[in-house]
Each structure stands twice: as C-alpha cells, then as structure tokens.
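Got a structure here, written out as structure tokens. Questions coming.
The values are calculated or read from the model by the stated rules, or taken from the named source; none is laboratory data. Values in this document were obtained by computation on a predicted structure and should not be read as measured data. Cβ: placed from backbone, ideal geometry, glycine included. Neighbour counts: every protein chain shown. Quick note on the areas: whole protein, heavy atoms, side chains included, nothing else; ligands and nucleic acids left out. Shrake-Rupley method; radii C 1.70, N 1.55, O 1.52, S 1.80 Å.
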Amino acid sequence: MLAWLEPLFDLEELIKFLQSHLNEELPVSLAKGNIIKEGVSEELDRLRNLQSKGRGFLDDMCQREIERTGITSLKIDFNNVFGYYIEVRNTHKDKVPDDWVRKQTLVNAERYITEELKEYENQILGAEEKIGVLETSLYRNVCSETMVYIDQIQEIPISLPNLM
C-alpha cells in the first residue's frame, strides 16, 4: 500500500482507485512526469515505450539496412540541426539504395534519410510533448475522481509529528 494513503483506510474504493492509477514513487511536481501507472492508458504506454526503446528501434533498423545494402560501416545517428540520418562513407556511395534521400554531404561521407526514419523521427520527437499533455490530462481525471471523496477526506484527523 502507498504509505501516504494509510490515513485513508476507511476509503477503500478511493485507495484502490489511486493505487491502480498512480505510481508508488511520485515526482515532486507534475511537470517531472511519471505519475500515471503503466496500464492506465494504452496511448501513454505506447508513447513511453517509444521513448524508452528508441535506441533499440534504431539498432534494429541499422542492422536491417546493413543486411539489405551490404554497407557494413553505415550508422544511424541524430543531431539537432538535421535530425535522424543514415551516414555512409563515400567509399560505399555506389551501394546506396534509390529509396534513400540525400540529406547532407560531408567531406568523407553522405547522410541520407528514409521514409521509415523520417516517420520514426516525427514519432519520437513528438512523444515527449504528447506524454506530458496526456499524463496531465490523466492526472486531472484522477484529481476529479478524488474530489468525490473530499468531504470524507476532510473529516479525517491529521496528526502532525512534534517538530519541537
């Protein structure tokens, strides 16, 4: 049981609701995120998974493209100016597939983008903002549900520890 809920033991329904919706370790502020428990919202879980498993997706994509093209030195990376890209050394330019679009030319390499990588970039870059908006909305719903019990909560005597 969440320790901060113990004074509310007479409100079992509320406790169960809060335990099923809120993480046990809550952040100091809503802006820090990670308040809503996994399993409450399928969309929130999907976005969190996208955010946390992003590197794995890129590693898998890189491996697929290496196998498809035979370019063993290609890499997939990100920078703030150009976003995600596939980098290929000039010695392997002739192996680049037609569906890759040149994004940037370097001294010894070329950087490309694919439709799949662009779609992933759009998803991952928007995930953090969407997580914040969705989690705030879900938290507000939890607060609204809790307000139903406000009269009962206010009747509970609170004893503060003696600080002197």
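Please find, within region 35-47, the residue that is nearest to Ser20 (Cα to Cα) out of those that are open to solvent by 50 Å² or more (accessible area, probe 1.4 Å) and part of a helix (DSSP H, G or I).
Looking at residues that are open to solvent by 50 Å² or more (accessible area, probe 1.4 Å) and part of a helix (DSSP H, G or I), I get Glu42.
Any idea which residue in region 96-123 is surrounded by the most Cβ atoms within 10 Å (Cβ to Cβ), counting only those that are within 30 Å of Asn34 (Cα to Cα) and touching a strand residue (DSSP E or B) at 6+ places or on another chain (Cβ under 8 Å)?
Here the residue is Leu117.
Next question, about the same structure. Could you check, for region 98-112, whether at least one of its residues is farther than 30 Å from Glu24 by Cα, in contact (Cβ under 8 Å) with a residue 60 or more places away in the chain and either among the hydrophobic types (A, V, I, L, M, F, W, C) or assigned to a helix (DSSP H, G or I) (or both)?
No: zero hits.
Now a separate question. It is to be established whether one or more residues within region 86-95 are out of contact with any strand residue (DSSP E or B) (no Cβ under 9 Å at 6 or more places or on another chain), crowded, with 18+ Cβ neighbours inside 10 Å and in a helix (DSSP H, G or I).
No.
Let me ask another. Looking at (1) open to solvent by less than 90 Å² (accessible area, probe 1.4 Å); (2) more than 30 Å from Glu12 (Cα to Cα); (3) outside any loop (DSSP other than H, G, I, E, B), which one does Tyr139 not meet, given that it meets all the others?
Of everything listed in (1) open to solvent by less than 90 Å² (accessible area, probe 1.4 Å); (2) more than 30 Å from Glu12 (Cα to Cα); (3) outside any loop (DSSP other than H, G, I, E, B), Tyr139 misses just condition (2).
So Lys32 clears everything in (1) within 13 Å of Thr136 (Cα to Cα); (2) surrounded by 16 or more Cβ atoms within 10 Å (Cβ to Cβ) except one condition, right? Which one?
Checking Lys32 against (1) within 13 Å of Thr136 (Cα to Cα); (2) surrounded by 16 or more Cβ atoms within 10 Å (Cβ to Cβ), the one that fails is (2).
Against the conditions (1) among the aliphatic types (A, V, I, L, M); (2) assigned to a helix (DSSP H, G or I); (3) over 17 Å from the mean Cα position of the chain (by Cα); (4) more than 22 Å from His92 (Cα to Cα), where does Ala31 fall short? Just the number, please.
(3)
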